[in-house]
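Here is the structure we will look at, set down as structure tokens.
Bear in mind these aren't lab numbers, they're just calculated from the coordinates by the rules spelled out. Keep in mind the model is a prediction, meaning the values are calculated, not measured. Cβ atoms come from the backbone with ideal geometry, glycine included; neighbour counts cover every protein chain shown.
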Amino acid sequence: MNKLTIKPLPYAYDALEPVISKKIMELHHDKHYAGYVNNFNNLLDTGKISSFNYNGAIMHEIFWENMRAPQENNLPPEGMFPDFAKFREEFSMVAATVEGSGWAVLWKTESGLAIGQLEKHNLLGLNGAKPVLVLDVWEHAYYLDYLNDRKAYIEKWWSVVNWDDVSKRL
Ligand SMILES: [Fe+2]
């Protein structure tokens with residue numbers, strides 16, 4: 001396997017404010033995400049493959065690209081979902097009920113779109129399904145801004161979803 005590189009955010013650290021603060025983005029990108037990349041590379045030097053660190057790096061790279069500056073009335077393109085309100089409600093519920101640290105994910109599968117959860121960063125055994133929209137609900141993603149109110153974070157997060165990026169992945 002090749003080493004990973006730390007990719008810069010596709011926007012400024014404060015671009016997602018007030019939904020996600022500059023402080024969170026600095027810590028999240030420079031410490032947590034960079035940590036996964038560095039730990040993966042260090043273990044690779046000793047001949048070990050770390051799926052935890054590898055998947056952590058990959059998931060965060062999708063997450064950064066899935067977001068952009070907040071917009072009022074941030075809706076997906078017409079026709080992306082048959083019923084966006086229902087999709088949003090289901091995805092939010094799935095994110096809110098991740099036990100402990102993990103992700104809510106919209107998957108593109110051979111039989112269509114599916115919503116699911118990841119425990120920690122566990123991407124194993126997904127039979128070619130590809131994440132198109134991911135939401136990090138580890139506490140490091142929101143605690144500084146929302147304390148333990150994960151639901152408030154999820155609710156606000158919808159205004160920073162980059163639907164252009166999601167469209168490209170579909
Ligand atoms: Fe994270």
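Residues that are over 19 Å from Leu124 (Cα atoms), of a type in the set (S, T, N, Q) and surrounded by 15 or more Cβ atoms within 10 Å (Cβ to Cβ) within the stretch 40-73 comprise Asn41, Asn66, listed in sequence order.
Residues in the stretch 132-156 that are among the aromatic types (Phe, Trp, Tyr) and over 14 Å from the mean Cα position of the chain (by Cα): how many? Explain how you work it out, then say what you get.
Going residue by residue through the stretch 132-156, those that are among the aromatic types (Phe, Trp, Tyr) are 138, 142-143, 146, 153.
If we keep only those that are over 14 Å from the mean Cα position of the chain (by Cα) as well, we get 143, 146.
Count: 2.
When the stretch 14-28 is examined, which residues are found to be within 21 Å of Trp158 (Cβ to Cβ) and either surrounded by 13 or more Cβ atoms within 10 Å (Cβ to Cβ) or within 15 Å of the ligand (Cβ to nearest atom) (or both)?
Residues of the stretch 14-28 that are within 21 Å of Trp158 (Cβ to Cβ), as a first pass: 14-22, 24-25, 28.
Hits for the stretch 14-28 are Asp14, Ala15, Leu16, Glu17, Val19, Ile20, Ser21, Lys22, Ile24, Met25, His28.
For residues in the stretch 134-170 being outside any helix (DSSP H, G or I) and either aromatic (Phe, Trp, Tyr) or within 15 Å of Ile115 (Cβ to Cβ) (or both), which is nearest to the ligand (Cβ to nearest atom)? That would be Trp138. Among the residues of the stretch 35-61, those identified as away from the ligand (no atom under 11 Å from the Cβ) and among the hydrophobic types (A, V, I, L, M, F, W, C) are Val37, Phe40, Leu43, Leu44, Ile49, Phe52, Ile58.
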